[in-house]
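Only the coordinates and a few stated rules stand behind these numbers; no lab work does. Since we're looking at a predicted model, the values are computed, not measured. As a convention, Cβ positions derive from the backbone with ideal geometry for all residues, glycine included, and neighbour counts pool all protein chains shown.
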Amino acid sequence: MIIVLDFGGQYNQLIARRVRECNVYAEVHPYTLSLEKIKEMNPKGIIFTGGPNSVYGEDSPRCPKEIFEMGIPILGICYGSQLMAYMLGGKVETAPVSEYGHTDVTVDTEDILFEGVSKETVAWMSHTDYIAQAPEGFKITAHTSVCPVAAMSCPEKKFYATQFHPEVMHTAEGKTMLSNFVYKVCGCSGSWQMASFVETTIQQLREKIGTGKVLCALSGGVDSSVAAVLLSKAIGKQLTCVFVDHGLLRKNEGDEVEAVFGPNGPYELNFIRVNAQQRYYDKLKGVTEPEQKRKIIGEEFIRVFEEEAKKIGAVDYLVQGTIYPDVIESGLGKSAVIKSHHNVGGLPSVVDFKEIIEPLRLLFKDEVRRAGLELGIPEYLVYRQPFPGPGLGIRIIGEVTEEKVKIVQEADAIYREEIAKAGIDKGLGQYFAALTNMRSVGVMGDFRTYDYAIALRAVNTSDFMTADAAQIPWEVLAKVTNRIVNEVKGVNRVMYDCTGKPPATIEFE
Ligand code: XMP
């Protein structure tokens, strides 16, 4: 395994993902990870991430110096490379010229890290400091027109460093460099496979749970679906899944979830569908403020779940679909609340249980999907795009009514159908229809209409923290618009949202 030591870089997760793409297991840990812990984990290599600080700053994050004496191969990236240089006696200074973005890099000498890499290559840079002088014992292995040490290495000690970011896609041959590091420098075998992960997890769950009872809140999203199937394979009917249909799901979604997980589906488990639609509509009546809507939907979810849990009685374990980015983010914790996200995180206090099980806590989203396919979950569920806990409740601006839910469900179904028909669905981060609270005048036949406007949204994003509006082909938008105004009663206007995030968010509320 490889430890990714995080110095606050924005690409920390990406590094771990890229390493895992080489079928080598990687974990991200804060730079404060103790030497004892590192020894205990016995990694084959360590990667220092980038970070926003200057290594010579007083409070800049540093690892213990002894880390360089453990005999473990180290790759420093950006800030990590500067830290390596600084701590080993080299010089780091403010660069006379900063480099951002695509940069031409020249590889100077033969080096394991650059085996199979072109002599002239393109890399992604983002730095204001640079290594002015490599430490003793290091050779300079690459440079750019303004950066004398774009890469350096000390092969005897197995220390490697790049000022650029091999983990981002824009570094054309970054993957080769990272695989050189993990295979050729660290000697990893590349045997981390999803099939064996799935098999081992099922075995471990079986051993841990024994004859215990397990409860899972199933939303139909990919994470909770994969978690439920893993548990169903491990313990069958000892698992109970509660699926709350809050009436704010996409068209046919409730029935689709039931078809897969219900009594007629392929899995052995107890499936409880709670049809709470009317309860939600009643609670949301007259409420227009977005945060209040979110709060009501979240609280009502807990109430419904509480009632079901009471019927089930005490359970031994509660399942949560926590995935690795959540673990990393909560471990390093630093984010402002823009919206109060609703998920099953609020459940524990209402359920009588002994322990929480998080079978996906070590997987990234794409790995969760791979695990899902490995488990035989239908592709349409595995590749389902993210859907917020409050559902259509936050895609209907203003008051939520049953009628408005129907309108947005129909419009959204048309939009998704046409996007899939055009073959562009897999290339988009997220796309959906929302119902604006605006009504405007139109004309249909010879009659005046005064109906709602639908807003179509599609974004490209890698992390959902920032996003660009996607450029959907005009013909597709025209077709969708035409179908919506003709097929969905109550809509006479369709608009496309061209805003990125920031300043907008992906959802409308
Ligand atoms: P925003 O609207 O904040 O959305 O740009 C970013 C991503 O998060 C999803 N989202 C949610 N997911 N519960 C969730 O589980 C929520 O309350 C929630 N709100 C937004 C949104 O769909 C997008 O993928």
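Note on Ala469/Glu136: beta-carbon distance plugged into 1/(1 + (r/R0)^6) with R0 of 60 Å gives a FRET efficiency of 0.70. A full extension of the chain between His170 and Val287 corresponds to an added length of 37.5 nm, given 0.36 nm per residue minus the alpha carbon distance.
Students often get this wrong, so check it: of Lys213/Lys285; Lys295/Lys406; Lys39/Lys157; Lys251/Lys365, which have C-alpha atoms separated by over 29 Å? Those over the limit are Lys213/Lys285. About its Cα centre, the chain has a charge dipole of approximately 800 debye under the convention of +1 per Lys or Arg Cβ and -1 per Asp or Glu Cβ, with nothing else charged. Dipole size of the range 341-410 about its Cα centre, with +1 on Lys/Arg Cβ and -1 on Asp/Glu Cβ: approximately 160 debye, rounded to the nearest 20. Averaged over residues, the count of other Cβ atoms within 10 Å places the peptides 53-62, 452-461 in the sequence 452-461, 53-62, highest first. Which helices, taking whole DSSP H runs in the chain, have alpha carbons extending 18 angstrom or more along the helix axis plus mean Kyte-Doolittle at least -0.5? Helices meeting the criterion: 194-209, 222-235, 474-487. Summing charges over all other residues whose Cβ lies under 9 Å from the Cβ of Leu239, with Lys and Arg as +1 and Asp and Glu as -1, gives +1.
Note on Tyr380 and Asp104: with the Förster distance fixed at 51 Å, the Cβ-Cβ geometry gives a FRET efficiency of about 0.70.
Can you tell me what percent of all Cα-Cα pairs in the range 125-198 are more than 21 Å apart? Of all Cα-Cα pairs in the range 125-198, 38 percent lie more than 21 Å apart. When +1 charges are put on Lys and Arg Cβ atoms and -1 charges on Asp and Glu Cβ atoms, the dipole computed for the range 174-310 relative to its Cα centre reaches about 320 debye. In the chain, the DSSP-assigned H stretches of four residues or longer account for a calculated mean residue ellipticity at 222 nm of -9500 deg cm²/dmol, using -39500 (n - 2.57) per stretch and the full residue count as denominator.
In percent, rounded to a whole number, the relative contact order of the chain is 10, using alpha-carbon pairs under 8 Å and six or more apart.
In terms of packing, defined here as the mean over residues of other Cβ atoms within 10 angstrom, the peptides 289-298, 436-445 line up highest first as 289-298, 436-445.
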